[in-house]
1. If packing is taken as the average number of other Cβ atoms within 10 Å across a peptide's residues, how do 284-291, 126-133, 111-118, 26-33 rank, most packed first?
2. Peptides 87-94, 138-145: what's the order by average Cβ count within 10 Å, highest mean first?
3. For Thr179, enumerate residues with amide H under 5 Å from its amide H, sequence gap 5+ or separate chain, H modeled in the peptide plane.
4. Beyond a 31 Å Cα-Cα separation, which of these cross-linked pairs lie in this structure: Lys30/Lys73; Lys41/Lys141; Lys27/Lys141?
5. Report the label-to-label distance for Lys73 and Lys121 in nanometres (one decimal), using points 7 Å from each Cα along the Cα→Cβ vector.
6. I need the phi-derived Karplus couplings for the range 135-140: 6.51 cos²θ - 1.76 cosθ + 1.60, θ = phi - 60°, integer Hz, Gly and Pro marked x.
7. Just to check I understand the Karplus step: with θ = phi - 60° and J = 6.51 cos²θ - 1.76 cosθ + 1.60, what whole-Hz values come out for the range 288-301, glycine and proline as x?
8. Students often forget the sequence filter, so: which aspartates and glutamates lie under 16 Å Cα-Cα from Lys2 once same-chain residues fewer than 8 apart are removed?
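Every number in this text was worked out from the coordinates using simple rules, so none of it is lab data. Bear in mind that the values here come from a model prediction, so they are computed numbers and not experimental data. Positions of Cβ are backbone-derived with ideal geometry, glycine not excepted, and every protein chain shown enters the neighbour counts.
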Amino acid sequence: MKVFCPLCNSRTEIKNRKDTYIYYFCKFCKVLFLSPFLKNKEISAYYKNSFNYTAGFLNEKIIRTQAKHIINKLLHMNPLGKTVLDIGSGYGFFLDEAKKIGLQIYAIEPSRRLISNSNYKQIMHTFCMTFEQYQKKSKRKKYDFITLIHVVEHLKNPKQTVQSAAKLLNPGGVLYIETPNLDSHLYRVENDNYTFLTPPDHLWIFSRYCLIRFLIKKNYLIKVSTYSYPEHFMGILKAVTGHIQPRRLKMDCQINPPMAKKQCYFNISHIKYLLFDKCIAKLLYRLLNINYFGSILELYIKKK
């Protein structure tokens, strides 16, 4: 069956399979996408009732640390900025950090389950709807900062959303996009087992080229960067070397041979964990980011 790229209408090829789902790759715009997409009603029902962002809840500390980093960069690019709209605000950790420094915060989150989080009690302007629904109901309020943090990969029409969001920026405003990076070492090594290949919610995996060439208009200033975590370095290492089941190392015990059979076995997996996960990975994981090959792609898009 012929499958054409939704962005450029070029013919594509099967690239990855995940469970019963198939991802196709477009050579022209360098993007990976799921086909077929869920129907609009199915997508809406999934995010309102079934979507469970477990990773976001478990990684609160990491998300808050990254949020501070993003906010600092946004304010560096637009020091006078006061208002921030977070599209797909998840558990509200990012906006909670933004509020701590005095920014006026606005949230769009279609999942009722996520909005029930206690952080939303502090957010006066919360819209439980999709961005498309918000556009139809809102009065076209303008913002100094708009963020799409791990959102574009979920959208059926990411180009329309990105360009519509950019129109809501005040002069000098900044749009921030964060998404998994198709160019990353992590994807190249993990392939079908890629960490961010999670159908049916991840419809796209974008490359840097695709985001800049097909999603963003030219009248914006764009800064691009990537970042990774130590866990990504370990994921690459395990994929390259092959996952080895924990082995037991028999030790030379001469004192009490009968007890030695029961007690003198040392599980080396704990040493491997301390050595690689806690030491080597933390020292070397930043090397993954060289030449934009990091696991997560970041775009700061400033309106001229």
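1. Values: 284-291: 14.5, 126-133: 18.0, 111-118: 16.0, 26-33: 20.6.
Packing proxy ranking, top to bottom: 26-33, 126-133, 111-118, 284-291.
2. Values: 87-94: 24.8, 138-145: 14.9.
Output ranking for 87-94, 138-145: 87-94, 138-145.
3. Under 5 Å from the amide H of Thr179 lie the amide H atoms of His150, Leu297, each far enough along the sequence or on another chain.
4. Numbers: Lys30/Lys73 28 Å; Lys41/Lys141 27 Å; Lys27/Lys141 38 Å.
Correct reply: Lys27/Lys141.
5. 3.3
6. Here the 3J(HN,Hα) series is 4, 6, 9, 7, 9, 6 Hz.
7. Karplus-based 3J(HN,Hα) across the range 288-301 equals 4, 7, 4, 6, 6, 9, x, 6, 10, 9, 10, 10, 10, 10 Hz.
8. Output for Lys2: Glu13.
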